[in-house]
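Report on one structure; see the data block that follows.
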Amino acid sequence: MRTRVGYSGGTTANPTYLDIGDHAETIQLDFDPQRISYADLLEVYWAAHDPTVKSFSTQYMAAIYYHDQAQRALAEQTKAAEAQKRGQQIHSEIRPASTFYLAEDYHQKYHLRSRSSLFKEMAHHYPQVADLIRSTAVARLNGYIGGYGSLAALEQEIDSLGLSPAGRAELLSIVKG
């Protein structure tokens, strides 16, 4: 439903991109378990990176931050399955969730920001940056622009995104490739 980028996992108070301390760059994800399961999200996580590569720094480490014991158990189970499937050690870490610090505004909605006309449309709908960052529609647009989501899925939900006719045409063109 929503994504935000930020910093988590460390002890440094109020980290920033220039002073991240011992935190990792992370994505905070709000999801509706009626639409997608935690197991499905873990499947996407394992497919989205090479977990056999050891991170060269805490800032860029691959990690899953769990919020309860059920999430922890499923994350550990899928990690073990991934190790067996690949026949290699998995370096992605599984840690308890801690304070999430929102990254600076200019880091939010990276893909959408690369399309200035679409970004301006969304900024018009959400003049407060905090509202833009929390918006489900903005998160969906950012994902489609980043190459996540099919044309069929976009066609089903495009009316709910609040785009002008020109914005709709641009987004469809991007997703069609």
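The values are calculated or read from the model by the stated rules, or taken from the named source; none is laboratory data. Values in this document were obtained by computation on a predicted structure and should not be read as measured data. As a convention, Cβ positions derive from the backbone with ideal geometry for all residues, glycine included, and neighbour counts pool all protein chains shown. The area values use the complete protein model at the heavy-atom level, side chains included, leaving out ligands, DNA and RNA. Shrake-Rupley method; radii C 1.70, N 1.55, O 1.52, S 1.80 Å.
Data table
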read-out	value
Amide H partners (placed H, <5 Å) of residue 64, local residues excluded	93, 94, 95
Proximal charge balance of residue 27 [Cβ under 13 Å; K/R count +1, D/E count -1]	+1
Extension gain (nm, one decimal) between residue 153 and residue 98, 0.36 nm per residue minus Cα-Cα	16.5 nm
Carbon + sulfur, % of accessible area of the chain - ligands and nucleic acids excluded, 1.4 Å	52 percent
Scattering curve values for the chain, log₁₀ I(q)/I(0), Debye with Cα scatterers, q = 0.09, 0.11, 0.14 Å⁻¹	-0.37, -0.55, -0.87
129, 175, 53, ranked by accessible area, largest first (probe 1.4 Å)	53, 129, 175
Residues whose placed amide H lies under 5 Å from that of residue 10, excluding near-sequence neighbours	24
